[in-house]
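Worksheet: one structure, shown below.
Every number in this text was worked out from the coordinates using simple rules, so none of it is lab data. Every value quoted in this text rests on a predicted model; they were computed, and no experiment measured them. Heads up, the Cβs are rebuilt from the backbone with ideal geometry, glycines too, and the neighbour counts pull from every protein chain shown.
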Amino acid sequence: MNGFVELARAAAGARQERPGVPLALATLVRVDGSSYRQPGARLLVDAEGRILAGAISGGCLEGDVATRAAGVCATGRAIRLRYDLRADLETIWGFGAACDGVAHLLLEPLTDWRWMAQAEAIRGRRHGGAVVTMLDADGGGATAALLDGPAQSGRWHLWHESARSVGEAGLHALAATAQHTAQASLHPVPEQAMAFVEPLVAPIALHLVGAGRGAEAFAHFAALLGWHVTVLDHRPALLSALSLPRGVQTRPVRHLDAVPASLAELPHDGRTAVALLSHVYDVDLAWLMRTLTLPLGYIGVLGSRRRAAQLVEAAEAALAALGTPLTARQRHKLHAPIGLDLGGESPASIALSAIAEIEAVMHARPGGFLRERQSPIHTRTPTPQLRERDGAPTPGNGLLGGALDVPPRCDVTDRSAD
């Protein structure tokens with residue numbers, strides 16, 4: 001979900017290289033059963049069948065969706081597609097996917113890609129946001145609205161007239177649910193339509209304290225995941241000698257009394273992780289004391305169990321002396337020593353174990369073997385229950401308009417011929 005930066009760059013490049021070839025965007029709006037990708041995944045294709053960016057499956061659907069882009073671009077009308085991956089796809093597309101789910105997609109002509117760049121900018125500002133995609137009663141739909149900011153006070157940008165049918169109060173209510181749950185979901189709205197609403201969750205911000213060899217590996221793994229990475233050190237020479245991926249920032253912090261000010265200028269919210277890698281006891285202690293008092297999502301300390309215990313004990317004593325004893329919540333976000341138990345000892349292996357641990361913590365997962373997980377692998381987004389065509393109303397969890405008189409048209413296989 002939310003791979004807008006890749007999509008926006010690919011769309012801009014395609015417009016420059018092939019300005020006469022229209023683009024189309026596929027959005028996964030609902031999943032029944034098991035699926036490699038979750039609602040909110042997107043695929044950018046063009047009218048000549050090229051796959052430009054993104055993914056909506058493990059590779060079994062992209063080709064077929066791309067072949068349909070020409071028709072969507074020619075008519076200027078979106079279609080909705082339903083792929084039942086539980087069937088034997090060998091007889092359908094010439095290969096067997098062996099999946100166990102049903103994927104529902106909206107494929108729309110992409111006449112203006114700028115909203116994706118705007119969405120990525122909103123994510124980077126870390127103050128909340130949401131994207132609303134409308135699914136109409138005729139089997140079509142469109143990306144319709146973009147929220148910049150918190151649900152109740154953010155600014156709405158309307159990209160399609162269909163969003164007006166929901167009304168500003170309705171849009172705010174939908175965004176509030178998405179931001180509260182941090183999950184994309186479908187909601188029934190007036191005029192027998194559906195609204196697919198997804199929050200613009202801020203990217204993980206990773207602050208690496210210490211510019212040693214391990215910092216490079218940490219930065220490379222984190223950059224691959226699209227995290228915003230900053231390397232901080234009191235030794236400018238080490239910072240300048242690092243070989244870092246594009247986009248990773250460096251920042252010298254020459255004195256320990258400058259730690260609070262440095263943190264104040266960086267993200268320090270629940271989507272922020274700090275890894276203490278300096279190998280200098282006083283430096284790690286200064287950063288640990290300061291970060292423990294902030295509402296961060298993760299703090300990790302590199303080193304042996306004994307060294308980590310010494311640091312934590314010293315930090316706890318210092319905070320208690322200041323009248324701010326360590327709380328249970330603060331202890332819970334502290335991971336010392338850092339990382340999952342993967343067994344590797346090289347800088348790259350240690351970085352991999354730490355990045356994997358941060359990823360697990362940010363998704364509220366234990367980080368164990370998937371083969372031993374008893375619950376579903378992927379967290380499911382709740383889908384509103386709707387009134388059956390000839391039955392009594394059933395409870396719905398949509399915020400607008402209550403239950404619908406008919407099931408959502410997302411269930412049709414392909415309305416492109418209508």
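Considering only alpha-carbon pairs that sit under 8 angstrom and 6 or more positions apart, the relative contact order computed for segment 117-202 is 35 percent. The ranking of LEU277, LEU296, LEU43 from fewest to most other beta carbons within 10 Å of each one's beta carbon is LEU296, LEU43, LEU277. Dividing the C-alpha radius of gyration of segment 1-56 by 2.2 N^0.38 Å, with N its residue count, gives 1.20. Measuring max minus min along each principal axis, the C-alpha atoms of the chain give extents of 70, 47, 43 Å (largest first). In order along segment 272-281, the phi-based Karplus estimate (6.51 cos²θ - 1.76 cosθ + 1.60, θ = phi - 60°) of 3J(HN,Hα) comes to 10, 10, 10, 10, 8, 10, 6, 6, 10, 4 Hz; Gly and Pro are listed as x. Projecting the Cα atoms of LEU7, ALA195, VAL280 onto the charge dipole of the chain, computed from C-beta unit charges around the Cα centre, puts VAL280 farthest toward the positive end. Looking only at trypsin sites (Lys or Arg not before Pro) in DSSP loops with at most 11 other Cβ atoms within 10 Å, what is the longest site-free stretch of the chain? Within the chain, the longest run free of exposed trypsin sites (Lys or Arg not before Pro) spans 1-245. For the chain, a crude dipole built from +1 on the beta carbon of Lys and Arg and -1 on the beta carbon of Asp and Glu, taken about the Cα centre, is about 920 debye to the nearest 20.
Convex hull volume of the Cα atoms of segment 205-370, normalised per residue: 109 Å³. For the Cα trace of segment 117-202, dividing Rg by the Kirkwood Rh returns an Rg/Rh value of 0.94.
Over the residues of the chain, the helix contribution to mean residue ellipticity at 222 nm works out to -9500 deg cm²/dmol, using -39500 (n - 2.57) for each DSSP H run of at least 4.
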